[in-house]
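Notes follow the structure.
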Amino acid sequence: MTESLLLKNVRTVAEGGSSRQDVLVGPEGVLFLGADSISPDKGMSPYGEGGMLFPDSGISRRIAEVDASGYMLCPSLADMHVHFREPGFEYKETIATGSAAAARGGYGLVAAMPNLSPVPDSPQTLAVEQAAIERDAVITVLPYAAITLGRKGLQVVDIPALKDSCVAFSDDGSGVQDEVRMEEAMRLAARYDCVIAAHCEDDTLLHGGYIHDGEYARMHGHKGICSESEWGQIARDLSLAAKTGCRYHVCHISCKESVELIRQAKRSGVRVTCETGPHYLLLSDKDLQEDGRFKMNPPLRDETDREALLEGLVDGTIDIIATDHAPHGAEEKSRGLRGSAMGIVGLETAFPVLYTGLVEKGVLPLEKLVDLMAEAPRRIFGLRPAIDEGSFALFDLETSYRIDPAEFASKGKATPFSGWEVKGRCLINICKKRVVYQAL
């Protein structure tokens, strides 16, 4: 970005409200908010109420004026559940390609799950991932540490030794099967005020299933995964969280029973938060096709589950939306529903599909979607607000485009949203006052 852009009449959304104002974007990021008296012929000054001038910023005196009445500027998005596969599985994704995909999707911060090799279960193994982040990340990438050594569920990691180097603790990809081990982890996490982020899945209830145990599975001869495999372990963990006082976060909930359990736990004072993904909000097993891009874990559930998730968003039971961005190699996703690896990509499609599918259809106000995707994740995990660090994203809310995985920055291309006509493309992404992506 070599010249400054004056965005006229852009809709700014933050902290539950929105307004129209002019915004000046310089080569080093957003320099003026409310810069209503700036114009190309006036150069750098004067500037409007609320504007901030940084004379040494290197802002270009060449200012291009843009009609931004169809655009939205908001805090950069935050995704607390991604898989960047490095170290150990770089053929699927790397810190460089994953963070580039996040930047393209409007994200300024993501949290990377620990199903890696080596597993980040000690300061030494976590340092391997941190080195790759420091070398290659174009946005803020925060690592999770594992809950148990090797993510095997047998021995709890040294939480005090890891707590200052990770965003939270998770064995994502595996549920912690042993209740005694989970209680031990929660007690330690409560003592040090850490978050346990749980992938809830009872292995004894899977029975070789790989899609939801519903009508589609029965009609097409597939093995199903029952919803109790998810909500049963959530019920166990909610009891432990109440007992220990742990900050407990439930990953990627997908069924109506999970929503109701968490709703009731919140009412009783349990320190619980939860997330769901765009695909669970917009799709159900009636949308399944015999294609690996529709296979993920948890699976797409029944339409009644999708409706319950939407109700949970509206009433505040569900706290944040996370993509569970999980790239695989093309061959791994080419074996249909039965044989493909579980996981889809989501960072480059999340905001557009949710804006188009929820905001434009009147399910959620835009301000609520921004909170779920940008501000609430940072609040829940105790992170600095995006605005305070100068992280913003600009989205085009009017121009339609077709999702084409061939354009993705991610190595992963498997998405159930391929070919969807959407609005909400990210045009500019600024992370910590630095432009990390621009398509304007």
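For V422, what is the net charge nearby, where nearby means another residue's Cβ is under 10 Å from its Cβ and Lys, Arg count +1, Asp, Glu -1?
+1
Given the peptides 244-251, 72-79, 335-342, 258-265, arrange them by the average over their residues of other C-beta atoms within 10 Å, most packed first. Display every interim value, and only then the final one.
Numbers: 244-251: 23.4, 72-79: 26.6, 335-342: 16.4, 258-265: 21.6.
Top to bottom by mean Cβ count within 10 Å: 72-79, 244-251, 258-265, 335-342.
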Inset, instruction - Treating cross-link reach as a plain straight distance, find the aspartates and glutamates whose alpha-carbon is under 13 Å from the alpha-carbon of K243, omitting any fewer than eight places away in the same chain. - result: E179, E183, E184
Inset, instruction - Report the extension gain between E65 and S18 in nm, rounded to one decimal, defined as 0.36 nm multiplied by the number of residues separating them, less their alpha carbon distance. - result: 14.8 nm
Inset, instruction - Measure off 7 Å from each Cα along the Cα-to-Cβ vector at T304 and E360, then give the distance between these two points in nanometres to one decimal. - result: 3.1 nm
Inset, instruction - Using 0.36 nm per residue of separation minus the Cα-Cα distance, give me the extension gain between A406 and V128 in nm, one decimal. - result: 97.0 nm
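How big is D for the range 343-440, in µm² s⁻¹ as a whole number, if Stokes-Einstein is applied with the Kirkwood radius of its Cα pairs at 25 °C and 0.890 mPa s?
Rounded to a whole number, D works out at 169 µm²/s.
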Legend entry - Local net charge near G70, Cβ-Cβ under 12 Å (Lys/Arg +1, Asp/Glu -1): +2
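Could you sort 420-428, 168-176 so that the peptide with the highest average Cβ count within 10 Å comes first and the rest follow in order? Numbers along the way, then the final one.
Values: 420-428: 20.2, 168-176: 24.0.
Highest-to-lowest ranking by the protection proxy: 168-176, 420-428.
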Inset, instruction - Return the FRET efficiency for the residue pair R434, L206: r is the Cβ-Cβ distance, R0 is 51 Å, and the value is rounded to the nearest 0.05. - result: 0.70
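Determine, for S418, S227, the number of other Cβ atoms within 10 Å of each Cβ, and report the residues in order from fewest to most. Write out the running numbers ahead of the final one.
Details: S418 15, S227 22.
With the sparsest Cβ surroundings first, the list reads S418, S227.
Could the peptides 155-166, 389-400, 96-107 be put in order, highest first, of the mean number of other beta-carbon atoms found within 10 Å of their residues?
Numbers: 155-166: 17.4, 389-400: 20.6, 96-107: 27.0.
Output ranking for 155-166, 389-400, 96-107: 96-107, 389-400, 155-166.
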Inset, instruction - Can you check what the net charge comes to around A100, using other residues whose Cβ is under 11 Å from the Cβ of A100 (Lys, Arg +1; Asp, Glu -1)? - result: -1
Legend entry - Pairs from K152/K411; K223/K423; K223/K266; K286/K361; K223/K256 whose Cα-Cα separation, in the structure shown, is over 25 Å: K152/K411; K223/K423; K223/K266
Inset, instruction - Return the distance in nm (one decimal) between the two label points of a simple spin-label model at R379 and Q264, each offset 7 Å from Cα along Cα→Cβ. - result: 2.6 nm
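Bear in mind these aren't lab numbers, they're just calculated from the coordinates by the rules spelled out. Quick caveat, the model's predicted, so the values are computed rather than measured. All Cβ positions, glycine included, derive from the backbone under ideal geometry; neighbour counts span all protein chains shown.
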